[in-house]
Amino acid sequence: MKNRPQVVKEMTSRERVLAALRREPVDRTPVCNPTSVATVELMDLVNAPFPGANRDAEAMARLAATSFTELGFDSVMPVFSIIQESSALGCKMQWEQKDNWPTVRMSEPIWKDVEDIVIPNDFLTHPDMVCVLDAISILRKEFGNDVAIIGKTMGPWTLGYHCFGVEPFLLMSLDDPGKTMACLDRMKEATIEFGLAQIDAGVDALTVPDHATGDLVSGEYYKRFLMDMHAEFVDIIPVPLILHICGRTVDRMDYIAQTGMAAFHFDSKNAPRESMDIIRDRISLVGNINNPETLFAKNPEDVRKEVLANLEAGVPLIGPECAIPLQTRIENLREIPRTVRQWHGEHGIAN
Amino acid sequence: MAELSHIANEFIRQEIDEFLERPEEIERNIELFSRVRPAMQDIAAALIEGDDEEVDRLTKQALDEGTNALEVMDDGLIAGMGIVGIKFREAIIFVPEVLACARAMKAGMKHIEPILSESGVEPVAKVLMGTVKGDLHDIGKNLCIMMLRGSGFEVVDLGVDTSEDEFIDALEEHKASILGMSALLTTTMPNMGKTIEALIDADLRDDVMVMVGGAPVTQEFADDMGADGYGKDALSCVSLARKLAEEGA
């Protein structure tokens with residue numbers, strides 16, 4: 001789809017994101033963060049501070065909407081963290097304050113063996129799940145088809161960290177791969193259930209964060225434990241799926257491209273062009289503006305350079321690499337769509 | 001000059017030959033293992049393979065046969081951990097494998113520590129390590145601790161979500177010469193700076209060298225906060241701690 005000399009009629013944000021996820025022509029590159037764009041400034045702007053915005057549907061929807069209304073992104077993402085399911089599964093939580101993300105107390109794991117893994121009957125009616133589902137409904141009602149609403153359902157590898165503890169889970173993967181696969185197989189039910197429920201609530205696409213990151217495990221690990229399971233998600237969950245894995249991932253991008261996921265949300269540790277060369281036109285890429293060094297600590301001009309590097313590499317959806325730091329300045333975030341629009345003004349339709 | 005063929009243990013020879021690329025590291029390890037007794041090489045090899053049962057057995061056997069505990073630790077366990085650290089840095093092995101090696105290290109150290117403690121052997125330095133306030137992530141910190149312990153440091157682990165006051169109380173209690181802070185979240189990184197400020201307010205800053213690390217942390221950020229050093233990964237943490245221990249001595 002690269003550099004097709006094709007005239008595309010003006011699209012809504014929703015149409016633009018969905019077309020890019022399907023690798024179809026777009027009127028301009030969509031700006032999208034499939035993890036989170038919540039910041040303290042945005043919380044203040046719409047009176048939706050953490051931790052309440054993670055647990056109250058109205059506040060969650062208000063804060064999520066700012067991605068579209070205040071920043072000019074083409075998508076909204078109501079799930080700001082990675083812990084809603086883990087809370088519903090019974091993990092011990094630290095909900096934190098306005099200036100920090102909620103976290104699972106992974107040093108106090110709830111499961112040790114395959115038999116311990118039980119998806120509770122009230123999983124989908126747990127308040128922290130209902131909050132997300134209601135927020136999605138509110139956003140759909142408010143924005144109709146104007147903006148792409150992306151939901152989030154955690155993959156089984158990340159649930160493994162939360163429910164078994166990071167070290168016990170990683171050691172288990174080495175000591176007993178068969179048991180680990182059996183655990184993943186049970187935990188994937190949570191991923192599927194919550195994903196399907198979000199589709200019923202009105203999402204257009206789903207992010208599946210599954211942190212088999214290059215900082216922790218090898219590319220071969222991804223292939224052995226997750227590639228087929230991710231392909232299975234594509235078969236079972238009937239909306240475009242965006243896989244998110246942080247860190248250096250070029251050694252597993254080829255495997256990821258084979259899963260049939262609509263897109264891969266990639267980290268700035270992977271160069272845009274190198275990543276595009278590996279992925280080719282098999283799936284889309286979303287990313288990969290650096291968070292801690294650029295969006296958080298630098299200026300719009302630095303943001304602009306990274307956006308341009310992605311556009312010039314042909315990355316189909318542009319956005320931050322991961323959930324943005326809560327203290328990120330709005331002007332740095334607004335620079336992303338501003339640069340994308342300017343670039344298309346100069347270059348016309350790129351995709 | 002020592003040569004690879006001087007090393008008795010075939011597995012160690014293969015590890016050096018296959019996985020080490022930096023000339024100075026190849027030379028250092030050939031030098032080290034060629035002078036190390038075969039029984040110690042066997043311990044190092046078992047550790048590199050992450051075989052905790054074998055390390056447990058071989059360490060006990062070596063001590064029972066009268067080998068000095070310090071020799072078992074330095075020439076067996078620490079020497080093995082050195083290769084593990086390099087393989088991890090070069091992405092030849094990943095965290096699960098390192099965790100298994102650390103478990104093997106622990107299996108050997110459980111026999112050695114009581115002997116060293118009884119004989120009053122001093123560690124390289126005493127290090128306090130903690131993840132900062134508001135942050136519950138500890139895998140990076142724990143890897144650093146494993147590598148530090150595997151390199152002869154005494155480490156006091158303060159765990160996660162460690163407040164400025166907890167760092168200060170621990171420093172006063174343990175009289176450590178190095179304080180290490182870790183953060184995975186951009187939201188909690190600033191708490192490293194707050195802890196350094198608290199050390200200044202408590203008039204303790206000159207008593208301790210401060211090192212920081214964590215996925216979003218950079219050298220620039222560490223400098224801005226007034227840390228004495230930044231470690232990119234667990235192996236850098238060890239070399240940094242060695243440097244800080246020398247500077248602080």
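Read-outs throughout are calculated quantities, based only on the coordinates presented, and are distinct from any laboratory measurement. These figures come from a predicted structure and were not determined experimentally. FYI the Cβ positions are ideal-geometry reconstructions off the backbone, even for glycines, and counts take in every protein chain you see.
What size of dipole, in debye to the nearest 20, comes out for the stretch B:1-72 about its Cα centre when the only charges are +1 on Lys and Arg C-beta atoms and -1 on Asp and Glu C-beta atoms?
Values: 7 positive and 20 negative charges, 67 e Å.
That gives a dipole near 320 debye.
What pairs from A:Lys98/B:Lys106; A:Lys112/B:Lys133; A:Lys141/A:Lys269 go past 30 Å between their alpha carbons?
Pairs exceeding the cut-off: A:Lys98/B:Lys106; A:Lys141/A:Lys269.
Quick one: the Cα spread of the stretch A:72-114 along its three principal axes, in angstroms, biggest first?
The principal-axis extents, from largest down, are 45, 25, 13 Å.
Looking at chain B from every direction and averaging, what is the projected area of its Cα convex hull in nm²?
The directionally averaged projection comes out at 13.4 nm².
Where does chain A land on the Kirkwood hydrodynamic radius, alpha-carbon pairs, in angstrom?
For chain A, inverting the mean 1/r across all distinct Cα pairs yields 20.0 Å.
Can you tell which of A:Pro325, A:Ala19, A:Gly314 lies farthest toward the positive end of the dipole of the protein assembly as shown, using +1 and -1 charges on the Cβ of basic and acidic side chains (Lys, Arg; Asp, Glu)?
A:Ala19
Specify the longest stretch of chain B that does not include any exposed loop site, a site being one of the GluC sites (Glu not before Pro) with a non-H, G, I, E, B DSSP assignment and at most 10 other Cβ atoms within 10 Å.
Details: sites that count: B:Glu3, B:Glu21, B:Glu65.
The segment B:66-249 is the longest one with no such site.
Give the Kirkwood hydrodynamic radius (Å, one decimal) of the stretch A:187-246, defined as one over the mean of 1/r across all pairs of different Cα atoms.
This gives a value of 12.2 Å.
Determine, at each q value in 0.10, 0.12 (inverse angstroms), the log₁₀ of I(q)/I(0) that the Debye formula gives when each Cα of the protein assembly as shown is one equal point scatterer.
The calculated log intensity ratios at q = 0.10, 0.12 Å⁻¹ are -0.90, -1.22.
Under the rule of -39500 (n - 2.57) per DSSP H run of 4 or more residues, summed and divided by the residues of chain A, what mean residue ellipticity at 222 nm is obtained, to the nearest 500 deg cm²/dmol?
-13500 deg cm²/dmol
Return a whole-number percent for the relative contact order of the stretch A:71-127, with Cα pairs under 8 Å and 6 or more residues apart as the contact set.
Relative contact order for the stretch A:71-127 comes out at 31 percent.
Relative contact order for chain A: what is it in percent, counting Cα pairs under 8 Å that are at least 6 residues apart?
After rounding, I find 22 percent.
Please grab the % of Cα pairs in the stretch B:32-173 that end up more than 26 Å from each other.
28 percent
In the calculated pair distance distribution of the stretch B:126-248, what percentage of Cα-Cα distances lie above 16 Å?
It works out to 53 percent of all Cα pairs.
Where in the stretch A:112-177 are there trypsin sites (Lys or Arg not before Pro) that are in a DSSP coil and have at most 14 other Cβ atoms within 10 angstrom of their Cβ?
A:Lys112
Among B:Ile112, B:Val55, B:Ala79, whose Cα lies farthest out toward the positive end of the dipole of the stretch B:4-119, if unit charges sit on the beta carbon of Lys, Arg (+1) and Asp, Glu (-1)?
It is B:Ile112.
If the viscosity is 1.306 mPa s and the temperature 10 °C, what translational diffusion coefficient in µm²/s does Stokes-Einstein give for the stretch B:192-249 when Rh comes from Kirkwood over Cα pairs?
136 µm²/s
For chain B, which cysteines have no second Cys with its Cβ under 4.7 Å from theirs?
Result for chain B is B:Cys101, no neighbouring Cys Cβ within the cutoff.
Test of understanding: extend the Cα→C-beta vector of A:Glu301 to 7 Å, then name every residue of the stretch A:319-338 with backbone N under 13 Å from that spot.
Output list for this probe position: empty.
Between B:Glu27 and A:Asp44, what FRET efficiency follows from the Cβ-Cβ distance if R0 is 51 Å, with the result rounded to 0.05?
Numbers: r = 58 Å, r/R0 = 1.14.
The value I calculate is 0.30.
From the convex hull of the Cα coordinates of the stretch A:41-183, what is the mean projected area in square nanometres?
On the way: hull surface 37.1 nm².
Average of the hull's projected areas for the stretch A:41-183 equals 9.3 nm².
Report, please, the projected area of the stretch A:118-266 averaged over directions, based on the convex hull of its C-alpha atoms, in nm².
The orientation-averaged projected area of the Cα hull of the stretch A:118-266 comes to 8.7 nm².
Can you show me the helix-derived [θ] at 222 nm for chain B, built from DSSP H runs with n ≥ 4 at -39,500 (n - 2.57) apiece and divided by the number of residues, rounded to the nearest 500.
-17500 deg cm²/dmol
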